[in-house]
Amino acid sequence: MTVHCCIDAQTPARDGRTAGIRGWLFCDVPVVALVAESDPDLFQAATYGQERPDVGAAFPAFDTASRSGFFLESTVAAVAQPGHWWVRLATGDWYRLPVDWSCRHPKLTELTALTRQAAPPESLQRALVEEEDLEARVHRWMKRGPRLRLRLDLINKCNLRCIMCHYNNKAYAQKPVRKISLEEFQRFFEPLAPDVGEVLLSCADEPLLSPAFPEVLRYLAQKHPMCLCTFARTPC
Ligand code: SF4
């Protein structure tokens, strides 16, 4: 039996560290779990089994190729040096295969008695359980840096009436005005600030009608300069 594998993309995180790798991996026998090992005892389970019609088309002789995509959330430590894949097959067998995370070429590895493992370590089993826990995955994602994109309006008004917009509805356009002051914005924003990477100040209304708009921009630029701030110009 052979394993075909290729890492075809690395996604850089906002802070410049590698955040994740994507690729594909398949064997003659279906793969049921894929775990990366970068150090003894440092395991990270990949999300495995995504559709890869391109791989299926390139390897028509293998039924398993078209659902061979994987994504691995990873820290620098996990991808900065050669490591291993732990591959579990539908037969229940585990194999440990060497991998160079920086290589972008398809690789073919024979499964032999030498690469077969009697049982995976306990820490690998824990990584697999964590991969299945959605909450743990969200926490891990949040820890990698300020990832949230905050979308909010500073006022619920617009001075245009674009034909496709809710402001073309008279009842909506005449609703009582609600303005967010700088102080309100700060009270709301400060507790979230460490997790926010981007603020979008225009969702469904016109931010330039808000009297607080310049003050909010100034506050974000001075107090949170690493936070990307965007807003749409009319028509939005
Ligand atoms: S500018 Fe934007 S918010 Fe205003 S009416 Fe047009 S689409 Fe709606």
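Readers should treat all values here as calculations from the given coordinates under stated rules, not as data from a laboratory. Predicted, not measured: the structure shown is a model, and the values here were computed from it. Here the Cβ positions follow ideal geometry from the backbone for every residue, glycine too, while neighbour counts run over all protein chains shown.
On a full-extension model of 0.36 nm per residue, what is the gain between L160 and R218, subtracting their alpha-carbon distance, rounded to one decimal in nm?
On the way: separation 58, 0.36 × 58 = 20.88 nm, distance 2.59 nm.
Full-extension gain reported as 18.3 nm.
Among M164, M1, which comes first, then next, by fewest other beta-carbon atoms within 10 Å? Please list the in-between numbers first.
Numbers: M164 7, M1 13.
Going from least to most buried by this count: M164, M1.
So how long is each side of the chain along the principal axes, counting just the alpha-carbon atoms, biggest first, in Å?
Sorted from largest, the Cα extents of the chain read 73, 37, 28 Å.
Amide H neighbours of C229 under 5 Å, at least 5 residues apart or on other chains, H built in the peptide plane: list them.
Under 5 Å from the amide H of C229: V199.
So how do V177, V196, V32 line up by other beta-carbon neighbours within 10 Å, fewest first? List each step's numbers first, then the result.
On the way: V177 9, V196 18, V32 13.
In increasing order of surrounding Cβ atoms, one gets V177, V32, V196.
So if each residue of separation counts as 0.36 nm, and I subtract the Cα-Cα distance between E190 and D133, what length gain in nm does that give?
17.6 nm
If you split all Cα-Cα distances of segment 105-236 into 5 Å bins from zero, what percentages do you get per bin, shortest first?
2, 8, 13, 14, 11, 10, 9, 7, 6, 5, 5, 5, 4, 2, 0
Treating the angle as unsigned and between 0 and 90°, give the value, to the nearest 10°, between the Cα long axis of helix 213-223 and the longest Cα principal axis of the chain.
Long axis of 213-223 versus the principal axis of the chain: about 50 degrees.
Quick check: the distance between the Cα centres of segment 50-127 and segment 173-233, to the nearest angstrom?
45 Å
Given segment 130-236, what count of lysine pairs have C-alpha atoms under 20 Å apart, with each pair 8 or more places apart or on different chains?
Working: K157/K170; K157/K175; K157/K179; K170/K179.
Lysine pairs meeting both conditions in segment 130-236 amount to 4.
Which order results if E37, E183 are arranged by neighbouring Cβ count within 10 Å, fewest first?
Values: E37 21, E183 10.
If I rank by nearby Cβ atoms, fewest first, I get E183, E37.
For the chain, find the longest principal axis of its Cα atoms and tell me its angle to the long axis of helix 134-143, 0 to 90°, nearest 10.
70 degrees
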